[in-house]
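Let me begin by presenting the structure, written as structure tokens, before commenting on it.
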Amino acid sequence: MFDKVLVANRGEIAIRIMRACRDLEVKSVAVYSDADKASLYTNYADEKYPLGNPSPQQSYLNIEKIIDIAVDSKADAIHPGYGFLAENPEFGKECEKNGITLIGPSGDVINKMGDKITSKQIMKKAGVPVIEGTEKGVSDIDTATKIAEDIGYPVIVKASAGGGGIGMRTVYEEDELIRAIESTQSVAKTNFGDSTVFIEKYLEKPRHIEFQVLADEEGNVIHLADRECSIQRRHQKLLEEAPSPIMTDELREEMGESTVKAAEYIGYTSAGTIEYLYDNGNYYFLEMNTRVQVEHPITEMVTNVDIVKEQIKVASGKELSYSQNDITVKGHAIECRINAEDPFAEFAPNPGKITAYRSPGGPGIRLDSGVYANYTIPPFYDSMISKLITYGNNRNEAILRMKRALGEYIVLGVKTTIPFHKAIIRNPNFLSGDLNTHFIDDNKNKIYEEMEVVIEEDLEYVNRLKSTFMPAKKIAAISTAVGSYLNEAKKKQPK
Ligand code: ADP
């Protein structure tokens, strides 16, 4: 096992990884930008080293600086978390050159799976169903028009190097095709430095269902079953659950087998996820994420496997602690991504100081948080501040516990997605498990109506409990702030 692991990330995921290190009795090293000096993870780690300038390029994406720190601090491995350098093959090469283990799959696999066209081609060869579409990049409009006609509208134009929901455009008719291709090419070039785009069939109301993979260096590959991630805004996940409400033993077995087959075919090692779109009884490979995912805790809750610990163990050369037969799905788990965003202003990021903070607790609650009271959320990075996860013996119990936990969770000073989540988990379509990737758009009015009720309740709750979590002199100011948010929110409600 490693002696020391450097965590090349920040926020909640940095703490999550450091917790796994602590459980394995491995020392952890934090790297932090000037904006993260006072962050929880920075001070949680056994050692911390500055990265300087807060700009991501100069801090968490700065390969040279991070490798230098790893060498100086004598870390034997680096965990990249998700985002930043997690799927950067260049980083893997630099680690190797310096005799440092990168906790993740090989650079070759990252390369292949990082490209949507290549990964689809490989999966097709492996016998995994893929969405109908072009097998190489398209640039000339005649070919594109012919392809789109063959597939049948609607189609989706996608950047091959795309990620994070960026570089995708749905096209309903031929007239829009040229513009969609040109704009996606330009977005792709700006964001990913590669303007290659391709076309595939646009599935109108699919569910996003993904499977967690774990694999070691000995060639053992297992899957940890499914997660439903259909609740998205701007193609980004907001609330996830495990298992999927539509999962049956037969479907899990089939999709699980396909997942293991895919991972074996590419010689995968470490933790990863195969994402599928599920439509009308069929499932199609969407992409593979060659890293630990934000939503991994819900799988940990229902399988009782510590995914990050396994990831670190296999990177150190150990065999997986589990075989497929050891894996069973028990109960139900839900995760709400708590973002410092204003749900009333198109989810615009809302960084700033958290003036009052109170975490939920009690049976079935897990909070993976990167923040605390009086912490100032910097404006430079992702707006996710914590993940609230609940577990229940069944879906209904997990939902009721989420309702309780969201109710107990107080974050004041910045706007968050908490009221939005509260409205989702009361939504009749959510309760009946009637989900697809358009859930938020389709239920928008109902969600916003419900949010108004929710915010009234919040205000009442904060008033009732305020003396237990904040100094008396702050109370008046906070009540005014919450009151004005409520008024503002009411005004902004979409008509
Ligand atoms: P990214 O890598 O940017 O996250 P993905 O390929 O994983 O992009 O797709 C993200 C989301 O976009 C999916 O969960 C789904 O909601 C939507 N999407 C992608 N491809 C299609 C498609 N062919 N049909 C319908 N929706 C799609």
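The values are calculated or read from the model by the stated rules, or taken from the named source; none is laboratory data. None of these values were measured; they are calculated from a predicted model. For neighbour counting, all protein chains shown are included, and Cβ atoms are generated from backbone atoms with ideal geometry for every residue, glycine included.
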(request) Could you grab the pairs with beta carbons closer than 9 Å, sequence gap of 6+ or different chains, first residue in the range 446-470 and free of Cβ contacts under 8 Å to residues at least 40 places away in the same chain and more than 17 Å from V411 (Cβ to Cβ), second one β-branched (V, I, T) and in a helix (DSSP H, G or I)? (result) I447/I424; I447/I440; E450/I424; S467/I475
(request) Go through the range 460-479 residue by residue and tally those that are modelled with pLDDT of 80 or more and surrounded by 15 or more Cβ atoms within 10 Å (Cβ to Cβ). (result) 2
(request) Inspect all residues belonging to the range 103-112 and state whether any of them is under 16 Å from L6 (Cβ atoms) and either surrounded by fewer than 16 Cβ atoms within 10 Å (Cβ to Cβ) or in contact with a strand residue (DSSP E or B) (Cβ under 9 Å, 6 or more places away or on another chain) (or both). (result) yes
(message) Condition (residue is loosely packed, with under 14 Cβ neighbours inside 10 Å, modelled with pLDDT under 95 and under 29 Å from V260 (Cβ atoms)) applied to the range 153-167: is it met by at least one residue?
(response) yes
(message) Can you tell me which residue is nearest to I131 (Cα to Cα) among those in the range 246-278 that are touching a Pro at 6+ places or on another chain (Cβ under 7 Å) and part of a strand (DSSP E or B)?
(response) L277
(message) Checking R252 against (1) farther than 12 Å from A215 by Cα; (2) within 16 Å of the ligand (Cβ to nearest atom): exactly one of these is not met. Which one?
(response) (2)
(message) Tell me the residue from V260, V187 that is more than 15 Å from the chain's Cα centre (by Cα), in contact (Cβ under 8 Å) with a residue 24 or more places away in the chain and closer than 18 Å to M113 by Cβ, please.
(response) V260
(request) Name the helices (runs of 4 or more DSSP H) wholly inside the range 2-107 in which the number of residues that are within 27 Å of E217 (Cβ to Cβ) and among the hydrophobic types (A, V, I, L, M, F, W, C) is 2 or more. (result) 11-23, 63-72, 89-97
(message) Scan the range 153-175 and tell me whether some residue there is in contact (Cβ under 8 Å) with a residue 24 or more places away in the chain, within 14 Å of the ligand (Cβ to nearest atom) and of a type in the set (S, T, N, Q).
(response) yes
(request) Check K93, K124 and return the single one that is away from the ligand (no atom under 12 Å from the Cβ), touching a Phe, Trp or Tyr at 6+ places or on another chain (Cβ under 9 Å) and either of a type in the set (K, R) or more than 27 Å from V292 (Cα to Cα) (or both). (result) K124
(message) Need a quick list: strands (runs of 3 or more DSSP E) entirely within the range 184-240 having at least 2 residues that are charged (D, E, K, R), more than 11 Å from the ligand (Cβ to nearest atom) and touching a Phe, Trp or Tyr at 6+ places or on another chain (Cβ under 9 Å).
(response) 221-233
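Taking the conditions exactly as written (β-branched (V, I, T) and without any contact (Cβ under 8 Å) to a residue 60 or more places away in the chain), does I365 satisfy them or not? So that I can check it myself, show each step before the final result.
On the way: β-branched (V, I, T): yes; without any contact (Cβ under 8 Å) to a residue 60 or more places away in the chain: yes.
Criteria met by I365.
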(message) Of the conditions (1) crowded, with 19+ Cβ neighbours inside 10 Å; (2) in contact with a Phe, Trp or Tyr (Cβ under 6 Å, 6 or more places away or on another chain), A373 satisfies every one except a single condition; which number is it?
(response) (1)
